[in-house]
Structure formats: structure tokens, C-alpha cells
Amino acid sequence: MKWTYDWLTEYLKTDASADAIADKLTCTGLEVDEVISPIAPIAARIVECKPHENSDHLHVLMVDDGTGTLRQVVCGAPNARVGLISALAVPGCVVGGMEIKSGKLRGVLSDGMMCSSRELGIGDDHSGIIELPSDTVVGTPVIDVKTVFDAGITPNRPDYLSVRGIVRDLSASGIGEYLTPTDPEFENKPADRSVLIKTDKCRAYKMIEIHGVTVRPSNTRIASRLAAIGINPKNAPVDATNYICYDMAQPMHCFDADAVHGDIVVRMAKSGEVFTDLFGNGHELTENDMVIADNDGILALAGVIGGMRASTTDTTQNIILESAYFDPVSVRKSAKRLGISTDASYRYERGIDPTITGVAAMRAAQIIMDACGGDIVGTFAAGTDAPFEKQIKYNPNYFLIKTGIEMPADTQRDILTALGHRVDVSESGWLITPHTSRVDIDIPETIVADLMRIYGYERIATSSGHTIGDARPHDTHEIDIKKLLSSRGLNECRSFGFGNLSIEQLLSDRPNIKIANPITSDYDTMRNGLLYGLLSAVSNNEKRGYPDLNLFELGTVFDGDMPGQQHTQVAIVRTGATSPKHWTGRNRSVDIYDVKADLIALMSGQRFTVSSDNAPRWAHPYRYGALMQGKKKIAEFGELHPSVAKKLRIKTNTVIAIVDDISVLPAMRCGRQPALSEFQPITRDFAFIVSADTMADKLTSVARSADNRITDVVVFDAFDMNDGTKSIAFTITIQPNDNMSDSDLLSLQESVIQLVEKKCNAKIRDR
């Protein structure tokens with residue numbers, strides 16, 4: 001959506017600069033991408049005109065631009081001559097969407113460009129450069145260059161597709177006063193023709209017939225505003241419909257009345273019926289397309305584009321103005337099926353104000369008759385302009401419940417009133433009738449959102465007492481985790497906070513939080529885990545020839561759809577080989593022990609045991625483990641299940657580790673090396689006989705838990721005894737905190753032996 005500063009100030013009394021207005025709009029929810037303040041072309045007198053040596057049609061001009069120094073310009077216009085005053089676009093000017101720069105033409109420097117009326121956007125003549133009156137002051141702007149705002153509009157705010165809607169928000173935010181426009185009421189004047197609505201897809205249709213017009217260009221104010229936002233002015237009737245489309249967000253169309261035979265009928269097309277649009281393109285329609293027709297056939301595709309047969313030309317003498325409300329879904333389906341997108345369809349698809357069809361039609365008729373003359377010979381109104389029935393029950397205390405901010409009830413009412421909503425106050429609460437252009441206001445939460453964006457998001461306080469606008473300390477716990485994982489060669493991955501229902505159900509049995517209106521079909525839930533995003537990254541990278549990946553993500557996952565039903569998870573994925581191929585030796589594929597080592601590093605010395613029970617859906621049932629503290633699972637690791645890998649089109653071996661809730665990880669130690677002890681570490685070796693089905697992990701976990709001075713346990717030998725038992729040998733590393741005597745060391749060793757023998761049904765060897 002584009003509009004000009006002077007267009008804005010027609011409805012807004014303000015002293016605020018364009019930049020201040022842009023900042024305020026961005027703060028209230030309309031993100032202004034750019035404020036364009038272009039350089040205006042200036043009047044310049046041709047002092048010298050010589051033929052170009054390397055061209056048979058170019059001239060080398062020396063022009064006086066009012067600076068006191070002549071400027072050299074290369075020009076190909078046949079009417080260029082000494083003494084002529086024309087328009088000069090100096091370097092930096094934007095003409096026809098192109099920025100003018102100094103450069104050489106056929107080897108001769110041209111420091112600017114002389115312009116035609118078409119290039120200036122004030123006419124259609126391109127036969128030569130514009131000829132200005134002889135009394136024009138050299139160096140003065142030739143045209144009134146507009147400051148232009150360019151903003152991106154979200155689908156839920158079609159009221160922002162009108163200048164008036166933007167002004168309403170600005171005035172409510174306190175940056176100016178809304179100047180209520182004085183629009184004429186729709187006149188009932190009997191016409192020779194009527195309008196018949198034969199479909200429920202058209203709610204209202206207004207027709208105004210004007211005779212005796214002489215098609216002329218629009219006045220300078222309207223033409224210059226349209227040109228500034230990229231719409232080439234054509235003539236007053238066509239420009240009037242384009243102007244109202246941007247001014248009021250009411251699409252309109254203008255027919256040549258002499259080409260319309262009989263009554264106007266709004267109906268659904270017949271299957272196979274052919275329609276030729278105003279550009280000469282033919283379209284085969286279906287019974288799902290709504291059309292405007294007369295006795296001879298289709299005049300326009302309703303809400304999308306007009307037809308060639310009754311289009312307005314420079315010879316048109318009698319016109320019919322159309323202003324209507326068409327069903328958004330019907331317009332969208334037709335536009336998408338036929339691949340047509342227009343300013344009209346863009347607005348109808350999102351929903352327009354259903355109450356302004358008559359006012360808009362009269363405003364456009366006024367603009368046309370002021371420029372082209374003529375008289376209204378008849379009008380016809382079909383359907384209804386009544387607003388959709390929409391009232392919302394609201395209590396001012398609800399704002400505090402939803403935002404944690406206390407806003408006085410009077411302030412809430414003032415903001416809502418300024419936004420155009422009607423507030424009826426009673427003892428039982430408020431009844432709010434949204435402004436008729438606000439299709440997004442339908443539940444109490446949208447009222448809260450409307451209040452909050454005007455009141456100021458920067459006033460929202462966080463749980464730590466800071467507001468959103470304040471500088472906040474980083475979460476050191478999360479940063480420590482990220483630093484540690486990065487130091488282990490993992491790269492951080494960031495994905496959307498959404499998930500895919502079918503994939504999430506494939507990966508886990510956690511609850512799924514479905515989204516009522518997803519942005520795409522691939523993101524139809526709030527994610528209940530981080531695996532979907534990481535595995536999508538693995539699949540996409542593998543397709544592009546990058547199978548060896550080491551990724552992690554730390555982010556929020558959702559347990560429910562209510563505030564507070566969320567927690568922070570960290571997930572690790574390693575794929576492919578641990579290192580590139582090298583002549584010094586073979587590389588190896590990643591395995592579950594690589595991600596287990598990542599988890600052990602995160603545990604930073606915390607005690608745990610390992611269990612292989614109850615593997616989740618994503619994990620290979622025989623290549624999976626979980627870190628346990630008592631009966632609580634604090635982390636898990638494993639290899640990706642083959643069926644899941646096939647579904648996600650992952651061919652590379654993939655291993656995964658997950659800490660479902662990072663609050664279980666030790667604080668203030670992740671990512672930091674422990675202080676070096678002044679005491680030398682001590683190692684001791686142990687060998688135990690256990691049953692053949694006992695996992696080595698069980699022994700090492702129990703051994704580690706025997707004393708908090710044991711910092712590491714590593715298996716160095718294991719072999720089968722051929723009698724249903726096996727031998728497992730491991731080394732423990734002891735980091736003393738103080739001087740240890742021989743008796744202290746023997747006591748620690750005995751503790752390890754007794755605990756392993758008791759909990760693992762083991763027997764020490766060579767005792």
C-alpha cells in the first residue's frame with residue numbers, strides 16, 4: 001500500500017514529520033517499509049544545442065538550471081532547441097521508476113535528462129520534451145513531488161488499504177486530529193435502467209449514470225497523487241475509480257453507458273461462458289464465477305476486472321459508475337483460478353467496509369463531473385448497506401488479565417472510540433460494536449490487541465520487571481548451553497515455532513496443538529518438539545549434497561494452548577561422517593555414543609543411570625538410551641528409526657539427543673571449564689564378572705555414583721566368558737578435593753566395589 005504525505009494530511013491535522021508518522025505507524029502495527037522523498041525535476045533553459053558527433057538523432061545541450069553553471073545534457077527529442085524552457089531531471093531524480101545518473105551516451109557525458117510530459121507523469125505526450133511557458137523561473141520545481149509512504153499490509157487489516165483507515169489509527173495514537181470528511185449522501189434519482197441481483201454473493205450494488213461528459217485529464221491534485229504511488233493517470237473517470245479505491249478502500253468500475261444495453265444484472269456465469277477483459281484477454285468461466293452482465297452478455301468479472309466491450313475511452317460521452325460489495329471468498333476463487341490480481345480483487349478478497357458503497361459512488365461522481373462536466377440522470381440501489389451484525393461483550397478488567405497491565409477504563413473507552421468502535425456501557429459490562437471496516441475485530445482478545453497496539457507495546461512489563469523496550473540481561477543458562485554445544489562442533493539451527501501434525505504424530509505421542517488458521521499447510525500446529533525442524537534441515541541439506549551435519553536447537557515447545565503451557569527444550573542431531581575423507585585413515589560414521597557424549601557434557605558431572613526401556617517413536621528400538629535420575633527421564637539419545645527416516649527422505653545415518661526440559665541441566669556450569677584443582681587426579685582400574693546381558697553403561701553409571709570425587713569412568717576391556725557371563729573392565733578418574741591418604745583411597749575403592757556388586761549383581765575379579 002502506497003500513499004502520499006499530502007493525501008494523509010487531507011484527513012489528519014498534524015505537524016508531525018513523515019519519518020515520525022512512519023515510526024508511529026510501525027509501532028501501532030502497520031510496518032512502513034520506506035518513506036520516499038524524491039528530488040523534483042526543475043525548469044531549465046536550453047542555451048546551446050549541437051548535433052551529437054556519433055549519432056544522427058541525438059543533441060548535446062548546454063542548459064541553464066539556475067545554479068550559475070551550465071550543465072551538459074544529451075537529448076534525443078526532436079523539439080530540443082535554443083531558448084526552450086523544459087524539465088530537467090538532475091542525477092538523483094527518479095523518472096519512470098528509474099534513478100537518473102550521470103553517464104556517457106555515445107561517448108559524451110550527460111549530466112541529467114530532459115523529460116517529456118509522460119516521463120513526468122502528468123500527461124501522455126512522449127513525442128518530445130515538455131515545453132514550459134517562457135516566463136517559467138529557471139531552477140524551480142516543474143512538478144509537485146510527493147513524499148510517499150510504502151507499507152506492507154497484513155491480511156487481517158484490510159482497513160489499512162485506505163488512506164482514511166490509516167489516518168484513523170494515527171489520530172487514535174495521538175499523532176494528530178482526524179478531520180472527518182464531508183462525503184455526499186447517495187441520491188435516489190429514478191433511472192431508465194435498473195440493477196438486478198441474482199446471487200447471494202453480492203450484498204449491495206450502487207449504480208450512478210452520468211450523461212454529457214467530456215472526457216478530460218484529472219485535476220492536478222488527483223493525478224499527481226496517483227502518479228506518485230505508481231498509477232499512471234489516464235483520464236478523470238478512470239482516475240476517479242482508482243482514487244476512491246485507495247482513498248476509501250472501495251473498488252469501483254466505470255462503464256461506457258452507450259455500450260450497456262438494458263438492465264445491469266449481477267449473476268453467476270454459465271459454464272463455458274467466455275469473457276474478454278479490458279486488456280483483450282479471453283477467459284472461459286464456470287458457474288462459480290460472479291459476473292456483471294447486460295442483455296448482450298458479460299460486462300465485467302465481478303470484483304476482479306472490467307471487460308473490453310463497455311470500457312471507458314476518450315470518446316465516451318455517457319458513463320455508468322458501479323460501486324458494490326462482493327463476497328470475498330467468491331472473488332478470491334475467481335481471481336486465483338484465472339490468475340488475475342488487481343487492486344480491486346486485492347481489497348475484495350480481504351473484506352471491505354459493507355456500508356460505504358453509496359457514499360463512495362457519489363464521491364467518485366463528484367470528481368468526474370468536476371473535471372468532465374455532465375449531470376446525473378439516474379441512480380439505482382440494490383441490496384443493503386446495513387453493517388454485518390457484530391457485537392462483542394467486553395469487560396475492561398479483561399485487559400489486565402490478558403496483558404498484566406492496568407489501563408483505566410476511561411482510557412480504554414477513549415482509545416476504542418477514537419478507533420471508530422462504538423462502546424455501549426452498562427452495569428453488566430461493555431458491548432462493543434467494531435467499526436464497519438474492521439473485519440478483524442470479532443472476539444474480546446482482538447479488542448485487547450487493538451488497545452495494546454495503540455497504548456504501546458513498549459509498556460508491557462516482563463516477569464523480571466523490565467518492559468519490552470528495556471535492555472534485558474541474557475539468559476546466561478541458555479547461553480552457557482549454546483556455548484558448550486558450539487565448542488563440541490555443533491552448529492545452532494533456528495526454525496519456526498510451528499510443527500506439522502502428520503510428522504509430529506510420527507515422531508512422538510505428545511499432545512498436538514492445532515492452529516485454526518495456519519500460515520501454510522506444512523505448519524498446522526504449535527510445535528511440541530524440536531525434532532521436526534532439525535530433521536527437515538537434515539533432509540533439505542542431504543538433497544543438496546551436504547549429508548554430514550552437526551546441528552542443535554534450543555527453543556520453546558508447547559504443551560497446550562494456554563499461557564504458561566510451554567517449556568524450553570534442546571535437541572541435537574548428528575548425521576553422516578565424523579570427519580571428511582583423508583589419506584591418513586578411514587573416517588567413521590556418527591553413532592549414538594557421539595550424542596551420548598554431548599549429553600554427558602551437558603550434565604556437567606550430574607549423577608545419572610542409563611535405561612533402554614520405552615523408546616519413543618522417533619528412535620530405533622535397539623539403539624536407544626535414556627539418562628535417568630531415579631525414575632525421572634532427564635534426557636534421551638538414539639538412532640533415527642528407519643521408517644521415520646524413510647518418511648522424511650533421509651538416507652544418511654542420523655543420531656539424536658534430546659533434553660526435554662533444560663531446567664534439569666546444572667546452572668552456571670554449562671559452557672565453562674571447572675577450575676583446575678591443585679591436587680593431581682588419581683586413576684584406578686576395576687574388572688567385574690557380570691551376566692552376559694548386563695550393559696556396561698549400568699556398571700559405569702553405578703561406579704560414578706559411588707563418590708562425588710569420581711569425575712570419569714571409561715570402559716577399556718570386555719570379553720565373553722563362555723559360561724553365560726562376561727568380564728567388563730573400566731578405569732575411574734578421581735579428582736581429590738583435599739589430601740587423600742592410602743586408607744582414604746582404599747575406602748573409596750571399596751565403596752565402588754560394594755556398590756557395583758550390589759546393584760549390578762556383579763563380582764569383582766582377582767580380589
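Data overview
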{"quantity": "Sequence-distant residues sharing a close amide H with residue 142 (under 5 Å, placed H)", "calculated": "42, 43"}
{"quantity": "Dimensionless Rg ratio for the stretch 307-373, taking C-alpha atoms and the 2.2 N^0.38 Å reference", "calculated": "1.32"}
{"quantity": "The stretch 487-588 - convex hull of alpha carbons, volume per residue in Å³", "calculated": "115 Å³"}
{"quantity": "Relative contact order, percent, the chain [alpha-carbon distance under 8 Å, six or more residues apart]", "calculated": "8 percent"}
{"quantity": "Spherically averaged projected area in nm², based on the convex hull that wraps the Cα atoms of the stretch 229-362", "calculated": "7.8 nm²"}
{"quantity": "Scattering curve values for the chain, log₁₀ I(q)/I(0), Debye with Cα scatterers, q = 0.06, 0.09, 0.11 Å⁻¹", "calculated": "-0.63, -1.01, -1.22"}
{"quantity": "Rg in Å to one decimal, and Dmax rounded to a whole Å, for the stretch 41-162 via C-alpha atoms", "calculated": "17.0, 59"}
{"quantity": "Hull volume in cubic angstrom per residue (convex hull over the Cα atoms of the stretch 169-258)", "calculated": "176 Å³"}
{"quantity": "Cα-based Rg of the stretch 539-625 normalised by 2.2 N^0.38 Å, two decimals", "calculated": "1.38"}
{"quantity": "Two-site FRET efficiency, residue 177 against residue 401, from Cβ-Cβ distance with R₀ of 45 Å, rounded to 0.05", "calculated": "0.85"}
{"quantity": "Carbon and sulfur %, accessible surface of the chain computed with the full protein complex present, 1.4 Å", "calculated": "49 percent"}
{"quantity": "Distant-in-sequence amide H partners of residue 377 (H built 1.01 Å from N, under 5 Å)", "calculated": "209, 210, 211"}
{"quantity": "Neighbourhood net charge (13 Å Cβ-Cβ; Lys/Arg +1, Asp/Glu -1) for residue 637", "calculated": "-3"}
{"quantity": "Gained length - residue 747 relative to residue 15, 0.36 nm times residue gap less alpha-carbon distance", "calculated": "255.1 nm"}
{"quantity": "Sparsely packed chymotrypsin sites (Phe, Trp or Tyr not before Pro) within the stretch 381-415, loop by DSSP, other Cβ within 10 Å at most 16", "calculated": "388"}
{"quantity": "The stretch 177-188 - phi-based ³J(HN,Hα) in whole Hz, Karplus 6.51/-1.76/1.60, Gly and Pro as x", "calculated": "10, 6, 9, 4, x, 9, 8, x, 7, 5, 8, 8"}
{"quantity": "Under the Karplus curve 6.51 cos²θ - 1.76 cosθ + 1.60, θ = phi - 60°, whole-Hz ³J(HN,Hα) for the stretch 29-36, x wherever Gly or Pro sits", "calculated": "x, 9, 6, 7, 6, 7, 10, 9"}
{"quantity": "At q = 0.16, 0.20, 0.21 Å⁻¹, base-10 log of I(q)/I(0) for the stretch 634-760 (Debye sum, equal scatterers on each alpha carbon)", "calculated": "-1.00, -1.16, -1.19"}
{"quantity": "In Å², nearest 10: area of residue 114 left accessible to a 1.4 Å probe", "calculated": "10 Å²"}
{"quantity": "P(r) tail fraction, the stretch 492-545 - alpha-carbon pairs more than 13 Å apart, %", "calculated": "57 percent"}
{"quantity": "Amide H contacts of residue 289 (H built 1.01 Å from N, under 5 Å, at least 5 apart or other chain)", "calculated": "269"}
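The values are calculated or read from the model by the stated rules, or taken from the named source; none is laboratory data. These figures come from a predicted structure and were not determined experimentally. Reconstructed Cβ throughout: ideal geometry from the backbone, glycine too, with neighbour counts over all protein chains shown. What goes into the accessible areas is simple: the full protein's heavy atoms, side chains included, and nothing from ligands, DNA or RNA. Shrake-Rupley method; radii C 1.70, N 1.55, O 1.52, S 1.80 Å.
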